[in-house]
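A short worksheet on the structure shown next.
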Amino acid sequence: MSETSHGPQMKLHPDWQPVSRVVHLHGGLTAVNEIDPSVLISAGIDAPVLASFATPAFAGLFSHLEHLGLGVIGCRFIQSADEVVGIRPADFRVFAIGKGWPAADVYQRLRNISSTAMKRDLMVVADCAARLAFEVQAVEGRILELSTAYAVQLRGYLHEKSKHERSYQRFDDTNSVRVVLAIHSLFFELAILRDTIAEFLARVVLGDDDRLSAVRSMAKLLPLLAKRRNSDELYERIQAAAAGDADPPGWLAVMSAYRNLFTHVAPLEQVAHVHFVVFYMRSIVALGELPALYHPLPEQPIKLLKERQQGLPYTKFAEWAEASLGRNPDPAIEPDALTYLHGVVCRLVDLAVAVADRSPVAGEMLTISAADIRGPIKVTPGGAAGSIGPTQRPKGADERTS
């Protein structure tokens with residue numbers, strides 16, 4: 001299986017579109033759908049097929065995958081030869097159940113706000129909107145890196161193990177560091193997105209207090225929101241998400257604690273005990289057992305951050321070794337990194353949508369008329385004409401799943 005055409009002997013199905021869709025799934029799996037209803041499950045592209053099924057409709061691929069319990073992270077839409085060979089990046093979009101592609105949608109919307117504000121000389125609005133759009137795009141790129149790293153590690157593990165050897169196992173290999181680095185990078189990018197949302201809200205949406213013009217982080221914004229007299233659903237929502245002393249703590253506080261742990265204390269591999277990835281088989285209705293990876297994040301990161309700021313919690317090697325080896329992590333309290341981070345990406349994108357809704361500038365799509373064109377238009381053969389521009393939606397990207 002590869003990101004190539006099916007060959008001259010195969011024809012495009014009459015109900016299908018000429019696009020290859022590489023769907024990134026939880027646990028390191030991918031689902032590839034090309035020019036007909038067949039869907040092939042594997043650990044990344046160019047890997048042995050682990051299972052296959054037929055999806056009844058082109059637009060129903062993502063809902064079908066969710067219904068099977070495979071869990072969609074996002075999708076790459078490959079529409080040109082340049083994208084196949086890797087000299088142009090295929091369009092990747094993060095998927096959110098019931099919402100489709102909100103990250104890609106708000107990215108375009110924020111770019112429109114920025115360009116419209118620029119034409120009106122509203123430079124603060126233009127700058128904040130452009131930077132917020134960039135960060136939305138950046139977290140999409142980072143989660144693609146993480147999902148790809150999972151797939152590479154899963155593919156490597158399956159290559160080394162025969163079918164009868166594939167059972168629950170904690171392990172570490174040379175691919176682990178790539179996954180850990182991708183986890184760190186995504187937490188880093190999410191923290192920037194968090195703070196850029198706060199700055200946009202303070203300087204563009206509120207902007208009625210001189211102190212707001214100095215806000216560059218969520219930590220600076222929260223005390224100012226708490227002092228506002230008028231209640232507001234969005235402000236209350238942000239404050240609840242950032243409440244680290246609540247029971248349970250807010251999701252934004254938990255994310256920030258993880259980021260601070262890995263940035264200021266220790267890498268994931270050493271922050272609580274030795275980090276091992278878990279290989280396991282899970283049963284999927286109609287497909288049988290499929291392999292998956294689970295990279296556990298430490299439990300109670302807010303508490304762990306406070307403890308680790310005081311130093312290593314172990315005084316003897318035997319204590320550290322027992323904590324590292326004598327345990328099987330529970331996903332209910334030590335969440336899988338890819339699954340957890342996908343959820344956080346979707347939640348932060350929701351906040352980006354909420355603050356964009358309150359922009360004083362309504363973005364307008366950039367249009368180019370004949371009066372704007374100087375000289376002839378040159379079309380580069382072999383991919384440029386078929387690639388996706390930032391204002392276009394890829395074929396097959398119009399689904400909304402409940």
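The values are calculated or read from the model by the stated rules, or taken from the named source; none is laboratory data. What you see is a predicted model, and the numbers here were worked out from it, not measured in a lab. Cβ sites come from the backbone with ideal geometry, for glycine too, and all protein chains shown count toward neighbours. Note: areas computed on protein heavy atoms with side chains; ligands, DNA, RNA excluded. Shrake-Rupley method; radii C 1.70, N 1.55, O 1.52, S 1.80 Å.
The table below lists the values:
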{"item": "Every residue from segment 234-248 that is open to solvent by 50 Å² or more (accessible area, probe 1.4 Å) and either among the hydrophobic types (A, V, I, L, M, F, W, C) or closer than 27 Å to residue 122 by Cα (or both)", "result": "240"}
{"item": "Conditions (1) surrounded by fewer than 22 Cβ atoms within 10 Å (Cβ to Cβ); (2) at negative phi; (3) out of contact with any His (no Cβ under 7 Å at 6 or more places or on another chain); (4) not polar (S, T, N, Q); number of the one not met by residue 86", "result": "(2)"}
{"item": "Residues of segment 118-147 classified as more than 30 Å from residue 207 (Cα to Cα) and open to solvent by less than 50 Å² (accessible area, probe 1.4 Å), total", "result": "5"}
{"item": "One residue from 63, 115, 52 being assigned to a helix (DSSP H, G or I), over 26 Å from residue 344 (Cα atoms), open to solvent by 20 Å² or more (accessible area, probe 1.4 Å) and among the polar types (S, T, N, Q)", "result": "115"}
{"item": "Residues (open to solvent by 40 Å² or more (accessible area, probe 1.4 Å) and either outside any helix (DSSP H, G or I) or in contact (Cβ under 8 Å) with a residue 12 or more places away in the chain (or both)) located in segment 275-308", "result": "276, 280, 281, 282, 283, 285, 286, 289, 299, 300"}
{"item": "Matching residues in segment 319-339 - criterion: being modelled with pLDDT under 90, assigned to a helix (DSSP H, G or I) and open to solvent by less than 70 Å² (accessible area, probe 1.4 Å)", "result": "321, 323, 324"}
{"item": "Subset tally (residues that are within 18 Å of residue 197 (Cβ to Cβ), surrounded by fewer than 18 Cβ atoms within 10 Å (Cβ to Cβ) and among the aliphatic types (A, V, I, L, M)) for segment 249-271", "result": "0"}
{"item": "Residues being under 29 Å from the mean Cα position of the chain (by Cα) and of a type in the set (Phe, Trp, Tyr) - total across segment 279-328", "result": "3"}
{"item": "Lone unmet requirement of (1) at pLDDT below 95; (2) open to solvent by less than 70 Å² (accessible area, probe 1.4 Å) for residue 196", "result": "(1)"}
{"item": "Helices (runs of 4 or more DSSP H) within segment 214-271 that include 1 or more residues among the small types (Gly, Ala, Ser) and over 26 Å from residue 307 (Cβ atoms)", "result": "218-226"}
{"item": "Residue count for segment 105-126, restricted to those that are among the hydrophobic types (A, V, I, L, M, F, W, C) and under 19 Å from the mean Cα position of the chain (by Cα)", "result": "2"}
{"item": "Residue that is nearest to residue 344 (Cα to Cα), among those in segment 93-105 that are touching a strand residue (DSSP E or B) at 6+ places or on another chain (Cβ under 6 Å) and surrounded by fewer than 22 Cβ atoms within 10 Å (Cβ to Cβ)", "result": "102"}
{"item": "Any chance residue 205 is β-branched (Val, Ile, Thr) and surrounded by 20 or more Cβ atoms within 10 Å (Cβ to Cβ)", "result": "no"}
{"item": "The one condition in (1) under 24 Å from residue 144 (Cβ atoms); (2) hydrophobic (A, V, I, L, M, F, W, C); (3) surrounded by 21 or more Cβ atoms within 10 Å (Cβ to Cβ) that residue 191 fails to fulfil", "result": "(3)"}
{"item": "Unmet requirement for residue 150, which otherwise passes all of (1) crowded, with 20+ Cβ neighbours inside 10 Å; (2) in contact with an Asp or Glu (Cβ under 9 Å, 6 or more places away or on another chain)", "result": "(2)"}
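For (1) closer than 30 Å to residue 226 by Cβ; (2) assigned to a helix (DSSP H, G or I); (3) touching a residue at least 40 places away in the same chain (Cβ under 8 Å), each residue gets a yes or a no:
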{"residue": "140", "(1), (2), (3)": "no, yes, yes"}
{"residue": "148", "(1), (2), (3)": "no, yes, yes"}
{"residue": "153", "(1), (2), (3)": "no, yes, yes"}
{"residue": "167", "(1), (2), (3)": "no, no, yes"}
{"residue": "174", "(1), (2), (3)": "no, no, no"}
{"residue": "190", "(1), (2), (3)": "yes, yes, yes"}
{"residue": "195", "(1), (2), (3)": "yes, yes, no"}
{"residue": "199", "(1), (2), (3)": "yes, yes, yes"}
{"residue": "204", "(1), (2), (3)": "yes, yes, yes"}
